Structure formats: C-alpha cells, structure tokens
Amino acid sequence: MLIYKIFRAPEWAAMQTAGETRGAPVDLADGYVHFSTATQVGETAAKWFAGEDNLHLLAFESDDLAPHLKWEPSRGGDLFPHLYRPLRMEDLLWVKPLPLGVDGHIFPEDL
C-alpha cells in the first residue's frame, strides 16, 4: 500500500541533501515519522498545512518500510503509519508538488 508524507520545501531540500531525514519538527518531537494513507492525506493537509504553499507530496511503499513501520491509532481512532527509523531517499517512490488551490491543496489525480 502506498503511504504519503507531506514536506515543506526546506524539509524536502534537507532530505535530498542529507539522503535521509528524521522528519519535520512534529516528527522529531514525537520520535517517529508521521505518514498518511490515501484516504487520510487530504485531512492531514487541511489540518497541519492549511494555507501553506510550496509543499511536496512524497509516496512510499509501506511494505518496504517494515519492520520499522507501525500502524497506530491517532486522529479519530484511525490507524496511521508511523516510521521508527530515519526516512531514506532510497525508500522514496515518487515526489510531486502539492500546490495550494482556492479550496485547499490540489492532490495528484492518481492518488
């Protein structure tokens, strides 16, 4: 299953430069990298990135992150994927811009 991470431009640039990351400030504070599924990522963008432009949507294969990926309850009791190791460039399947539209972020059609 594909899972998704939203990064601001500086976070994405830092990952590219270092080859890996422990994530955004919220990830560092919580001790794991937060991901969302396809059905969760729209709400994640609206809740945590409302009004922000210049974002990047990164996609990863959840099976490739095992055994360090744990599915844990979060918002509304939904299970969210959390990665308990650095996120590496070699884990990345693709990255696409996540532009801000009039009614919120515009996600790729193939999500």
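Looking at region 53-68, can you tell me whether even one residue there is touching a residue at least 40 places away in the same chain (Cβ under 8 Å) and assigned to a loop (DSSP other than H, G, I, E, B)? Yes.
Scanning region 29-52 for residues that are loosely packed, with under 11 Cβ neighbours inside 10 Å and not in a helix (DSSP H, G or I) yields 31, 39, 50, 51.
When restricted to residues that are farther than 24 Å from residue 110 by Cα and of a type in the set (Phe, Trp, Tyr), region 6-42 contains 1.
Just checking, how many residues over region 19-28 are surrounded by 17 or more Cβ atoms within 10 Å (Cβ to Cβ) and not in a loop (DSSP other than H, G, I, E, B)?
The initial filter retains those residues of region 19-28 that are surrounded by 17 or more Cβ atoms within 10 Å (Cβ to Cβ), namely 21, 23-24, 27.
Next, from what is left, pick out any that are not in a loop (DSSP other than H, G, I, E, B): 21, 27.
Qualifying residue count for the region: 2.
Residue 81: touching a residue at least 40 places away in the same chain (Cβ under 8 Å), exposed (fewer than 13 other Cβ atoms within 10 Å of the Cβ) and not hydroxyl-bearing (Ser, Thr, Tyr), yes or no? So residue 81 does not fit the description; no.
Residues that are surrounded by 12 or more Cβ atoms within 10 Å (Cβ to Cβ), part of a strand (DSSP E or B) and either in contact with a Ser or Thr (Cβ under 8 Å, 6 or more places away or on another chain) or touching a residue at least 40 places away in the same chain (Cβ under 8 Å) (or both) do not occur anywhere in region 9-18.
Read the figures in this text as sums done on the coordinates, not as results from a lab. As the structure is a prediction and not an experimental result, all values here were calculated from the model. All Cβ positions, glycine included, derive from the backbone under ideal geometry; neighbour counts span all protein chains shown.
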